[in-house]
1. Out of the residues in the range B:204-248 that are closer than 18 Å to B:V160 by Cβ and part of a helix (DSSP H, G or I), state the one that is most open to solvent (accessible area, probe 1.4 Å).
2. With the requirement that a residue be in contact with a Pro (Cβ under 9 Å, 6 or more places away or on another chain) and facing another protein chain (nearest Cβ under 9 Å), what does the range A:183-229 give you?
3. Taking A:P98 and the conditions (1) open to solvent by 10 Å² or more (accessible area, probe 1.4 Å); (2) over 24 Å from A:T257 (Cβ atoms), which numbered condition does it fall short on, given that it satisfies the others?
4. So which residues in the range B:76-86 are in contact with a helix residue (DSSP H, G or I) (Cβ under 9 Å, 6 or more places away or on another chain) and farther than 12 Å from A:T197 by Cβ?
5. Restricting attention to the range A:326-347, does a residue exist that is touching a residue at least 24 places away in the same chain (Cβ under 8 Å) and acidic (D, E)?
6. Which residue out of B:R149, B:R159 is modelled with pLDDT of 95 or more and under 15 Å from the mean Cα position of the chain (by Cα)?
7. Which condition number does B:D58 fail, the rest of (1) more than 9 Å from chain A (Cβ to nearest Cβ); (2) surrounded by fewer than 22 Cβ atoms within 10 Å (Cβ to Cβ); (3) charged (D, E, K, R) being met?
Amino acid sequence: MAKELWKGNEAIAEAAIKAGCRYFFGYPITPQNEIPEYMSLRLPQEGGVFLQAESEVAAINMVYGGAGSGARVMTSSSSPGISLKAEGISYIAGAELPCVIVNIVRGGPGLGGIQPAQSDYYQATKGGGHGDYRLIVIAPSSVQEAVDLTQEAFDMADQYRIPVMIMGDGMIGQMMEPVEFKPVAKRVLPEKTWATTGTGGKRKPNVINSLFIDPQECENHNIKLFKKYDEITANETRVENYNVEGAEIVFVAYGTTARIVKNAINTLAKEGIKAGMIRPITLWPFPTAAVEAAADQASVKAFLTVEMSMGQMIDDVKIAANGKKPVHFYGRTGGMIPTPAAIVEHAKKVLGGAK
Amino acid sequence: MAVVFDKTKGLTDKPFHYCPGCTHGIIHRLVAEVLEELDLVDNAIGVAPVGCAVFCYDYFNCDMHEAAHGRAPAVASGVKRVHPDKTVFTYQGDGDLASIGAAEIIHSAMRGEKFTTIFVNNAIYGMTGGQMAPTTLVGQKATTAPLGRDENHAGMPLRVSEMLATIPKAVFVERVSVHDVKHINQAKKAIKKAFQTQMEGKGFSIVEVLSTCPTNWGKTPVESLKWLQENMMPYFPLGNFRTPEEEK
């Protein structure tokens, strides 16, 4: 198929349909409205159902019902809406239901703003809802990558019975780029024998549930979940290393910010400064090993984490660097976007010994 | 030996956890009997609430979901949209449905979601220990209304059936009680009609069942049945508020 020009949000929606998603439950919020709008037209054409819920709270619980019934289900929202969905996401993680949740992140806290941001990193990777749980969190840095990873997200969700979050930002959602819809590598997926489909008198009732009133059972359930999370960490961690070999300074950046950092790296190269980048593609599981390896690399003097936030992912970079090399931060937030020039300047300061 | 009475196949063998004198057990059995009589047990998918009936997923002998507090109608909407040919129901108490889940029940009714809600109204939060509910009567004592509900402070109890009956797609709305045999039989008829309405694809159906809570009302089971009749029924009058026939 030839490349076509697609807007990020619509491309994500079409990718979901191509991945077999037939149910979408959502609520309007900027800057992700093109996703539900697109789904409202396209899903009925594919024999699916689009439903505009009365709130994000209801939407995520419709996802719970649909996913528990065995369907491929998606919802999308932006930061304040994801906060409202947090309760439901915790239940979905607890009940081990597969689904895909898109967060086109905007500035916060509170109502914040509607411009691109990455200030929901903590919410996505460290919880958001209550309890010990994880989501697979995928952070595309181009519309093409958003399309590829959205399709794969449904397979990951089904393989591990886990909610997968596509974490874009206003930039990924709103910009248009050339896209090719390609089939993703086939995975062997388990049958959904646990789904509620009516017993048909042929099996015992299936129960979709996250309640374990006996504390030992509840602990056992958590231990089971974490065994699964370990397996996901081993199998699904994704990262792009860019010019890390021989780099003096290694940037760590994801999503839209990573594209800007690449620009800065090329500028630095022209000035004779060797810079590289570790770009986490999965924010959870975080590519700890890539950062550890760079920290052990003799050429590396420092890390510079660049985010569209006040500094959230930097915590994971510090944990991975484990004190071996200093970890610095540069960020813009609230919808402000870092410029390549500002990143170059900050890198020079770091290499010049600034704290 | 001839079998003269048998437990419905709509229930599992798991013993109920309900307090002595609580009418949840009766209501469970009515729902299960109706499912069996309509041959829907193998076709049904239920959604349990948070509240006293939270464990009903262990009692109904069909596929079940356990929802977050108040969200059962949203979960049921998701289930029914995926399985439009299945029988879907929610079983919810007054805190779950009329307080935290008010938006979900209203909008499910507004959309005409084709599932059935069994709404158990006992005018109190049971599981958490007797706090005031949206349906607690004026003057009725609760652990968060120790002097009795004051209408100037906490407002007046919500009449859910009357409210939902104003919604065009809520096609079957009836309030029943289970305080004596006659009313239990009437309640079962209403529950059956609600499920039939669903299976005929006519729209949203709900049966509000007035129920007792001897533990948190501080009364014996017998006193509770009397208190329901004397105090709840005047404010929450029994009767049918909507039937599909009215639409014609």
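The values are calculated or read from the model by the stated rules, or taken from the named source; none is laboratory data. All of these numbers come straight from a predicted model, not from anything done at the bench. Don't worry about glycine lacking a Cβ; one is built from the backbone with ideal geometry, like all the others, and counts go over all protein chains shown. Just the protein is used for accessible areas: all its heavy atoms, side chains included, with ligands, DNA and RNA removed. Shrake-Rupley method; radii C 1.70, N 1.55, O 1.52, S 1.80 Å.
1. Across the range B:204-248, the extreme among qualifying residues is B:P234.
2. Scanning the range A:183-229 gives A:T196, A:T199.
3. (1)
4. B:A76, B:S77, B:G78, B:K80, B:R81
5. No, the range A:326-347 has no match at all.
6. Answer to the check: B:R159.
7. Condition (1) is where B:D58 drops out.
A quick yes/no check of all residues on (1) more than 21 Å from B:C213 (Cβ to Cβ); (2) away from chain A (no Cβ under 12 Å); (3) modelled with pLDDT of 95 or more:
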{"site": "B:I27", "(1), (2), (3)": "no, yes, yes"}
{"site": "B:D39", "(1), (2), (3)": "yes, no, yes"}
{"site": "B:P49", "(1), (2), (3)": "no, no, yes"}
{"site": "B:C52", "(1), (2), (3)": "no, yes, yes"}
{"site": "B:H69", "(1), (2), (3)": "no, no, yes"}
{"site": "B:A74", "(1), (2), (3)": "yes, no, yes"}
{"site": "B:K80", "(1), (2), (3)": "yes, no, yes"}
